[in-house]
Amino acid sequence: MIKLNIISNKKDTEYITEIFKDNLMKNFKDKKIEDFFNFKEDYILNIYLDTKEGLDCYVLNNSKSYKNEVPKWVSGFTNEECVYLVYPNESNFDEMIKTAIHEIVHLMSYNLKVNGKRIKLLEEGLAYYLANQMTVGRFKKLREEYLSENKKLLRELINYSSEEFASNNGYFYGFFFIKFLKNRYSNSKIISYITNPNFFLKDLEKLQVQFDEFMISEFGRYN
């Protein structure tokens, strides 16, 4: 069982930190994330709250993705041991709950033994999906792109850098790709692809056809 331990050094945020902790734990349990990963061990997960400036400094010193500048939209980060987040406030409270879930999913995914190079589409897609970070605006943006000549193929997305992945709506594609795998196959299939990237790459062309069919169906449901 995972216990969340939220650490903050700002005394004036103690009240909202406690509310944040309670809400985060409830969301974490409601989404059954431990069940998804079949996680059975007792584990204390440390979550550190910091300013955006503090987070950016930590990311620049510890991330392989960002070396010179951290994008403004980055509000959370995880290494293989703990999670770092920007302090939540009343205006971004729900968003930060989802960001925290996103980073927790990453941490749990990092604990899986992967036989090959990790695939960002799967890793980010899973975190985005389990955190339920798709919004109406993001859905409309992806729908408009997917039905145009600018649609990205899965093969393109897996070769992007972190910056390219974000700027090309990789998180949105990833969300729906994980939803597709879950609906068409199973949770275990998702884990199998994450832990054995070569299985995923071998099935990529078949998956592209199936994914296109799924996406047209998804878009048609909301006309």
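The values are calculated or read from the model by the stated rules, or taken from the named source; none is laboratory data. These numbers were taken from a predicted model, which means no experiment stands behind them. In this analysis, Cβ positions are derived from the backbone assuming ideal geometry, glycine residues included, and neighbour counts consider all displayed protein chains. Please note that ligands, DNA and RNA were not included when accessible areas were found on the heavy atoms of the full protein model with its side chains. Shrake-Rupley method; radii C 1.70, N 1.55, O 1.52, S 1.80 Å.
Observations
- Meets criteria (within 30 Å of Asp30 (Cβ to Cβ), surrounded by fewer than 18 Cβ atoms within 10 Å (Cβ to Cβ), at pLDDT 95 or above and in contact with a helix residue (DSSP H, G or I) (Cβ under 9 Å, 6 or more places away or on another chain)) for Ser162: no
- Every test in (1) part of a loop (DSSP other than H, G, I, E, B); (2) open to solvent by 40 Å² or more (accessible area, probe 1.4 Å); (3) touching a residue at least 12 places away in the same chain (Cβ under 8 Å); (4) more than 27 Å from Phe37 (Cα to Cα) is passed by Arg143 save one, and that test is (1).
- Filter result for Lys31 (under 15 Å from the mean Cα position of the chain (by Cα), under 24 Å from Met1 (Cβ atoms), open to solvent by 60 Å² or more (accessible area, probe 1.4 Å) and among the basic types (Lys, Arg)): yes
- Of all residues in the stretch 121-140 being closer than 14 Å to Ile190 by Cβ and not hydrophobic (A, V, I, L, M, F, W, C), the one that is surrounded by the fewest Cβ atoms within 10 Å (Cβ to Cβ): Glu123
- Residue ID - surrounded by the most Cβ atoms within 10 Å (Cβ to Cβ), chosen from residues in the stretch 170-223 that are free of Cβ contacts under 8 Å to residues at least 12 places away in the same chain and polar (S, T, N, Q): Ser192
- Exactly one residue out of Ser63, Ser8 is in contact with a Ser or Thr (Cβ under 7 Å, 6 or more places away or on another chain) and at pLDDT below 90: that is Ser8.
- Pairs, first under 12 Å from Val105 (Cα atoms) and open to solvent by 20 Å² or more (accessible area, probe 1.4 Å) in the stretch 71-82, second of a type in the set (Phe, Trp, Tyr) and in a strand (DSSP E or B), C-beta under 9 Å, six or more apart: Phe77/Tyr84
- In the stretch 10-37, the residues that are in contact (Cβ under 8 Å) with a residue 60 or more places away in the chain, of a type outside the set (Phe, Trp, Tyr) and outside any helix (DSSP H, G or I): Lys10, Lys31
- Which listed residue is more than 18 Å from the chain's Cα centre (by Cα) and more than 20 Å from Asn27 (Cβ to Cβ), from Tyr185, Tyr173: Tyr185
- Going through (1) within 18 Å of the chain's Cα centre (by Cα); (2) open to solvent by less than 40 Å² (accessible area, probe 1.4 Å); (3) not aromatic (Phe, Trp, Tyr) one by one, Arg118 falls short only on (2).
- Of all residues in the stretch 89-113 being more than 21 Å from Glu123 (Cβ to Cβ) and of a type outside the set (Phe, Trp, Tyr), the one that is most open to solvent (accessible area, probe 1.4 Å): Glu90
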